Amino acid sequence: MSDISRIQFAKDTIQFILNESCCRLNEFFPCTTEDKQTPLYTESVEQLLQLIEINNNNQLIKPLSVTTSSGAVLILIFKNFVIKIFNSHKTWSKVSTILNQLKHSDYIVKITHSISQNNIHAISTERLIPIVEHNSYGNHHLIYKFDHLLVLQLFRNISCALRSIHSIGYQQGDCTWDNIGMIGNRFVLFDFNCAQQLMPYRNSSDVPQLIKSGLYNLQYNNYDDTEQVTIDFLLKLKNLNLTDGFQLYNKVMSK
Ligand SMILES: Nc1ncnc2c1ncn2[C@@H]1O[C@H](COP(=O)(O)OP(=O)(O)OP(=O)(O)O)[C@@H](O)[C@H]1O
Ligand SMILES: [Mg+2]
């Protein structure tokens, strides 16, 4: 690709992200003129192009879609990977540190690259399919019918994820079903934006949150497909007041 077509590709991509995200893209990295209307080929934009290439056999491709749910991160979704851009170096640093330490876990989304240069703070990860889908009317639904066996599998997989993150001294901090996805036939935990260091003698809120969100999703978003045995199982788990991923793992693996 010539320099001219690279610059044109960069500007087209920024325009696409501007159109898709309706966000103030300049709060993530410098990429437009001052009036925020016209895309520019800046050093940050070049870093973004390099991150795309490194994830895609040195080929440039445009994202399929863009999402910005909380405003603190911008997510560019490509066919086989995702680029997550942070508006703060601090959150970028926390998330990259955690994900780099958890690369061995099959139940945590895998980080592939991480950059923080020229005013852009970004990571790339595997692409997954979130299990809770939100439509444009603000309604939610689950991507599968969750029978008891599937709920058990989710709790087994995610308890492994929680065991890994708790073992490095962090909690995930937002352990709801919104932050669980599927890769192949595995459930994986993603979204570490709210992760915090675990304080000595303080219990993590991850396990109670996972159970509470499970009860909510199974009662309201799984229609008549939820079995009574599943609700009983979750209520029993809830009453055990489990404090971390190790305890949850031991409980759900023996079921
Ligand atoms: N690896 C991924 N693969 C596919 N989609 C993803 C991936 N990461 C994020 N997404 C999509 O982007 C959305 C937002 O990402 P994420 O959950 O990481 O941030 P967030 O929810 O905005 O952050 P916060 O927890 O601060 O509100 C997700 O709900 C999901 O739809
Ligand atoms: Mg999220």
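The values are calculated or read from the model by the stated rules, or taken from the named source; none is laboratory data. Keep in mind that what you see is a predicted model, and the values were worked out from it rather than measured. Using ideal geometry, Cβ is built from the backbone for each residue, glycine included, and neighbour counts are taken over all protein chains shown.
Of everything in the range 52-79 that is more than 10 Å from ligand 1 (Cβ to nearest atom) and touching a residue at least 40 places away in the same chain (Cβ under 8 Å), the residue that is farthest from G181 (Cα to Cα) is L60. Restricting attention to the range 100-150, the residues being farther than 17 Å from F28 by Cβ, aliphatic (A, V, I, L, M) and outside any loop (DSSP other than H, G, I, E, B) number 7. Checking the structure you have, find out if any residue of the range 220-238 is touching a strand residue (DSSP E or B) at 6+ places or on another chain (Cβ under 9 Å), under 17 Å from S105 (Cβ atoms) and buried (at least 16 other Cβ atoms within 10 Å of the Cβ). Within the range 220-238, none of the residues are touching a strand residue (DSSP E or B) at 6+ places or on another chain (Cβ under 9 Å), under 17 Å from S105 (Cβ atoms) and buried (at least 16 other Cβ atoms within 10 Å of the Cβ). In the range 52-98, which residue that is assigned to a strand (DSSP E or B) and of a type outside the set (V, I, T) is farthest from T112 (Cα to Cα)? Out of the qualifying residues, it is S65. The set of residues in the range 155-208 that are outside any helix (DSSP H, G or I), farther than 25 Å from S254 by Cβ, within 13 Å of ligand 2 (Cβ to nearest atom) and of a type outside the set (S, T, N, Q) comprises G173, D174, G181, F190, D191, F192, C194, A195. For the range 202-210, the criterion of being more than 24 Å from the chain's Cα centre (by Cα), surrounded by fewer than 18 Cβ atoms within 10 Å (Cβ to Cβ) and either assigned by TED's automatic domain parsing to the domain that holds I143 or acidic (D, E) (or both) is met by at least one residue.
Beta carbons closer than 9 Å, at least 6 apart along the sequence or on distinct chains, pair a first residue in the range 159-175 that is more than 15 Å from L242 (Cβ to Cβ) with a second that is in a helix (DSSP H, G or I) and of a type in the set (K, R) for Y170/K94. For the range 157-188, filtering for residues that are touching a Gly at 6+ places or on another chain (Cβ under 8 Å) and among the aliphatic types (A, V, I, L, M) leaves 4.
Residues in the range 220-240 that are modelled with pLDDT of 95 or more and of a type outside the set (D, E): Q228, V229, T230, I231, F233, L234, L235, K236, L237, K238, N239, L240. Here Y201 clears all of (1) more than 13 Å from ligand 1 (Cβ to nearest atom); (2) at pLDDT 95 or above; (3) on the phi > 0 side of the Ramachandran plot except the condition numbered (2). Taking the listed residues I111, I165, I158, I120, the one that is within 13 Å of ligand 1 (Cβ to nearest atom) and touching a strand residue (DSSP E or B) at 6+ places or on another chain (Cβ under 8 Å) is I111, with no other qualifying.
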